Amino acid sequence: MRKTYGGILHLAAVIEDDLDGRDTGLSKPQRIGLADITTSVLTCRSINTSELASILPRKVKSDENRYRYINRWLANDKIKPLRVMMGFIPELLESLYDHNKTAVLMMDQSKISEEFECLMVSMRIGDRALPVGWRVIKTKESIGFDIQKPLLEEVHKGMQVLLLADRFYGTSALISFCQNFHWQYRIRLKGNLILKHQGGEITTKELIKNNLHFLENATLSESGVTTCVGALQEEGHKEPWIIAMECKPTKGRILDYGMLWGIEALFSDLKTRGF
């Protein structure tokens, strides 16, 4: 049972009231739990469950019971984070990117423990990133398109989107997905991919060497997926940016890829700043 007094209760009540008016798929007990845990995280500025248990606004006999409550809530497989976020995503996109502006989405992954990686899709706001959807997978490798696809499909289909993604995701499957959804994209490619262009073949790493900075209608190996590709080697950088895009490549459009670094600050917050 929730406490009816205490310094953080009012914030929990405000969050619960907001959740009640959203299509999150949560039951009332689940909404109360999310509101209480969120309030505790905001107050502690920590994700340490022991710290959260010390202030969680629940009427229980001990901190140990609060700790168990938090772990039960987090382990509840009936609570789907993506489903919950669908109560927020359309409103965020429409309020931040109205008047036909383009929503900038970033996709990347980060190690969160020795065995687990987090794939995250975030929305660029200023120079920062706001999480939209995520999946935590037990792996030490790049997370594949089978996991990427359902995350990206949750994005509001009526919005204009520019997707930025690192070279670990530079596949024909992701490029084809963006084209089918009529999204703009700046997806970095690895240096060992084979491109077919104007009757010949060239690897992506050979583009700079051969002074081929802008290719239009290049086909990715045997996939049959055609895209434009821009390549840029900046002074002082060890590796070039080889960027697949849906439009005629220019230097400026290649540099659009730099907006991806907004998600790095987000990962830094989650890992080192306890929030």
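The values are calculated or read from the model by the stated rules, or taken from the named source; none is laboratory data. Just so we're clear, the structure is a prediction, and the values are computed from it rather than from any experiment. Glycine also receives a Cβ, built like all others from the backbone with ideal geometry; neighbour counts cover every protein chain displayed.
Residues that are under 13 Å from the mean Cα position of the chain (by Cα) and part of a loop (DSSP other than H, G, I, E, B) were ranked within region 127-156; the one that is modelled with the lowest pLDDT is Val155. The residue that is nearest to the chain's Cα centre (by Cα), counting only those in region 37-64 that are surrounded by 17 or more Cβ atoms within 10 Å (Cβ to Cβ) and part of a loop (DSSP other than H, G, I, E, B), is Leu56. Taken over region 207-246, the residue count meeting the criterion of being touching a strand residue (DSSP E or B) at 6+ places or on another chain (Cβ under 9 Å) and surrounded by fewer than 14 Cβ atoms within 10 Å (Cβ to Cβ) is 5. Acidic (Asp, Glu) and closer than 20 Å to Tyr169 by Cα: does that describe Glu222? In short, yes.
Of all residue pairs spaced 6 or more apart or on separate chains, those with beta-carbon atoms under 6 Å, a first member in region 42-69 that is under 20 Å from Arg31 (Cα atoms) and a second member that is modelled with pLDDT of 85 or more and among the small types (Gly, Ala, Ser) are Leu52/Ser40; Ile55/Ser40; Leu56/Ser40; Pro57/Ala12; Arg66/Ala53; Tyr67/Ala53. Pairs are defined by a Cβ separation below 6 Å, a sequence spacing of at least 6 or placement on different chains, a first member in region 161-174 that is crowded, with 19+ Cβ neighbours inside 10 Å, and a second member that is at pLDDT below 90 and part of a helix (DSSP H, G or I); the pairs so defined are Leu164/Met259; Leu164/Leu260.
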